[in-house]
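To keep things clear, I will list the structure first and then write my remarks on it.
The values are calculated or read from the model by the stated rules, or taken from the named source; none is laboratory data. These figures come from a predicted structure and were not determined experimentally. Here the Cβ positions follow ideal geometry from the backbone for every residue, glycine too, while neighbour counts run over all protein chains shown. Side chains are part of the model used for accessible areas, which takes the heavy atoms of the whole protein and leaves out ligands, DNA and RNA. Shrake-Rupley method; radii C 1.70, N 1.55, O 1.52, S 1.80 Å.
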Amino acid sequence: KAGVTQTPRYLIKTRGQQVTLSCSPISGHRSVSWYQQTPGQGLQFLFEYFSETQRNKGNFPGRFSGRQFSNSRSEMNVSTLELGDSALYLCASSLTSGGSEQYFGPGTRLTVT
Amino acid sequence: GENVEQHPSTLSVQEGDSAVIKCTYSDSASNYFPWYKQELGKRPQLIIDIRSNVGEKKDQRIAVTLNKTAKHFSLHITETQPEDSAVYFCAAIGSTSYGKLTFGQGTILTVHP
């Protein structure tokens, strides 16, 4: 099976812009979780989607949003970018949204200038 | 919410030695505990996991132990090799946490040849 894929792999944006990141889960996986990874804060949970429904959300401002499509592909959007949004954004797919194995994509490296 | 503490933050060993990384969690409802290995510039890779109904699990040179009473779990790597050098993350999740892995801060493991 193909692994989790994310596009784009790298992005450079300026403050105030918005960005959309995409994640394609492993075939058959219905849950997609998103994480932000920074050197200072580590890996932090953003939100999780299962069958097109957001079922959990982390402590991030409303500028961070996401959605999931019927084929389980997911996107996350960050509006009004701030310098502090520079990070590696990782998505992870799993069969279900409870305690099942999560497999990560390669991430999107976002740099905000 | 769940809180996961991981120690040590850095660990340096000689090739062939054993390495142990410890994590504690706060939420007694957590029932799934994965460990990830992240090499520089790469995605976190699931290397082993354990569920709350099991006390120990082993896979070749790596093993994980869980003490539910004390709320801590540990990763044991035996016969370390230079290719084991990476950042290791522990995580915890409950069955009703809907995709939200809570991660420890990470341990930088360096194996010297």
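Do any of B:Lys42/B:Lys71; B:Lys37/B:Lys58; B:Lys57/B:Lys100; A:Lys13/B:Lys37; A:Lys57/B:Lys37; B:Lys68/B:Lys100 go past 27 Å between their Cα atoms, and which? Present the calculation step by step, with values, prior to reporting the outcome.
On the way: B:Lys42/B:Lys71 30 Å; B:Lys37/B:Lys58 16 Å; B:Lys57/B:Lys100 23 Å; A:Lys13/B:Lys37 29 Å; A:Lys57/B:Lys37 25 Å; B:Lys68/B:Lys100 20 Å.
Listed pairs above 27 Å: B:Lys42/B:Lys71; A:Lys13/B:Lys37.
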Based on the Kirkwood radius over alpha-carbon pairs, what value in µm²/s does the Stokes-Einstein equation return for the translational diffusion coefficient of segment A:71-112 at 25 °C and 0.890 mPa s? 202 µm²/s
For the protein assembly as shown, give the percent of accessible area contributed by carbon and sulfur heavy atoms, probe 1.4 Å, rounded to a whole number. 48 percent
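Compute the accessible area per residue over the protein assembly as shown, keeping the other protein chains in place, probe 1.4 Å, unit Å².
Numbers: 10700 Å² over 226 residues.
Counting only protein heavy atoms, the per-residue value for the protein assembly as shown is 47 Å².
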Residues losing 50 Å² or more accessible surface upon assembly, segment B:87-113, compared with the chain by itself, 1.4 Å: B:Tyr98, B:Gly99, B:Lys100, B:Phe103
From the C-alpha coordinates alone, can you work out the Kirkwood hydrodynamic radius of the protein assembly as shown, in Å? 17.9 Å
Would you report the distance distribution of C-alpha pairs in segment A:16-113 as whole percents per 10 angstrom bin, up to the bin with the largest distance? 17, 53, 26, 4
Based only on Cα atoms, what mean projected area does the convex hull of chain B have, in nm²? 6.6 nm²
Contact order relative to length of chain B, as percent, for alpha carbon pairs under 8 angstrom and 6 or more apart: 37 percent
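For segment B:18-57, what value does the Rg/Rh ratio take when both radii are computed over Cα atoms and Rh is the Kirkwood radius, given to two decimals?
On the way: Rg = 12.1 Å, Rh = 12.0 Å.
Computed over Cα atoms, the ratio is 1.01.
Could you compute how much accessible area chains B and A hide from each other, both sides summed, with a 1.4 Å probe? Nearest 100 Å² is fine.
Details: alone 6460 and 5970 Å², together 10700 Å².
Separately minus together, B and A give about 1700 Å² buried.
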Name the long-range amide H neighbours of A:Gly107: under 5 Å, sequence gap of 5 or more, or other chain; modelled H, no Pro or chain starts. A:Gln6, A:Cys91
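Given a Förster radius of 45 Å and the C-beta distance between A:Tyr10 and B:Asn67 as r, what FRET efficiency does 1/(1 + (r/R0)^6) yield to the nearest 0.05? Can you show the working numbers first?
Numbers: r = 42 Å, r/R0 = 0.93.
Efficiency for this residue pair is about 0.60.
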